[in-house]
1. Considering I158, I139, which residue is farther than 19 Å from A13 by Cβ and under 19 Å from the mean Cα position of the chain (by Cα)?
2. Given the criteria in the same structural domain as D19 (by TED's automatic domain parsing), hydrophobic (A, V, I, L, M, F, W, C) and farther than 28 Å from A13 by Cβ, does L120 qualify?
3. Which condition number in (1) part of a loop (DSSP other than H, G, I, E, B); (2) polar (S, T, N, Q); (3) surrounded by 17 or more Cβ atoms within 10 Å (Cβ to Cβ) is the one that T159 fails?
4. Can you name the number of the only condition in (1) in a helix (DSSP H, G or I); (2) at pLDDT 70 or above that V69 fails?
5. Which pairs do you get when a residue that is in contact (Cβ under 8 Å) with a residue 40 or more places away in the chain, found in the range 12-37, comes within reach of a residue that is assigned to a helix (DSSP H, G or I) and β-branched (V, I, T), reach meaning Cβ atoms under 8 angstrom, with the pair 6+ apart or on two chains?
6. Residue check: is A75 at pLDDT 80 or above and in a helix (DSSP H, G or I)?
Amino acid sequence: MNPQYPIPWEARAAKKREDTLAKIPVEWRLSSADLELASKQRDLTGPFIERFLEPEVVDIVKTDSVPLVNDIRAADQNKKNNCLLEIFFDAAIKRAEELDEYLRVNGKPVGPLHGLPISLKDQCHVKGVDTTMGYVGWIGGNLGITDPTKTHQVESRITKELLACGA
């Protein structure tokens with residue numbers, strides 16, 4: 001066992017999966033039966049996901065790209081293939097509220113990406129968030145940096161640029 005990581009990697013990975021799942025609101029989670037059905041699907045979009053949505057939401061989805069629906073799809077996909085290494089639903093809602101307030105006060109958008117929800121690959125540092133690239137050994141840090149005085153303190157240039165443009 002590595003003295004730097006006194007907890008076995010399997011336990012650290014399980015804890016990280018639990019923490020990620022805990023960030024998905026309970027009402028967005030599929031039942032065990034639905035998860036079993038999802039595991040047999042090649043495509044979780046379209047008719048499959050529509051069965052879990054209200055009819056008016058399905059109508060919206062078919063005409064526009066609605067960020068919340070994409071979040072729901074991502075949450076459901078994550079249950080099948082663990083595609084989300086970090087979940088920012090709360091931060092996204094807070095950011096949307098800040099952007100709405102900015103627009104209300106200033107009468108103009110922050111930038112060309114104002115209000116656009118984004119997803120970043122787990123190689124882009126986001127301040128305060130793990131950047132693990134899926135490596136269990138990097139849980140609790142940024143790309144292997146586990147020094148508490150340095151970890152979670154940096155933000156990638158692309159992250160800064162996207163936020164500055166209003167994403």
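1. Numbers: I139 fails: farther than 19 Å from A13 by Cβ.
Every option except I158 fails the conditions.
2. no
3. For T159, the exception is condition (1).
4. (2)
5. R12/V136; A13/V136; K16/V136; W28/I72
6. No: the conditions fail for A75.
Quick grid of which residues meet (1) exposed (fewer than 11 other Cβ atoms within 10 Å of the Cβ); (2) modelled with pLDDT of 85 or more:
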| residue | (1), (2) |
| --- | --- |
| W9 | no, yes |
| R12 | no, yes |
| D19 | no, yes |
| V26 | yes, yes |
| E36 | yes, yes |
| F88 | no, no |
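The values are calculated or read from the model by the stated rules, or taken from the named source; none is laboratory data. Computed from a predicted model, the values in this text were never measured in an experiment. Backbone-built Cβ (ideal geometry, glycine too); neighbour counts: all protein chains shown.
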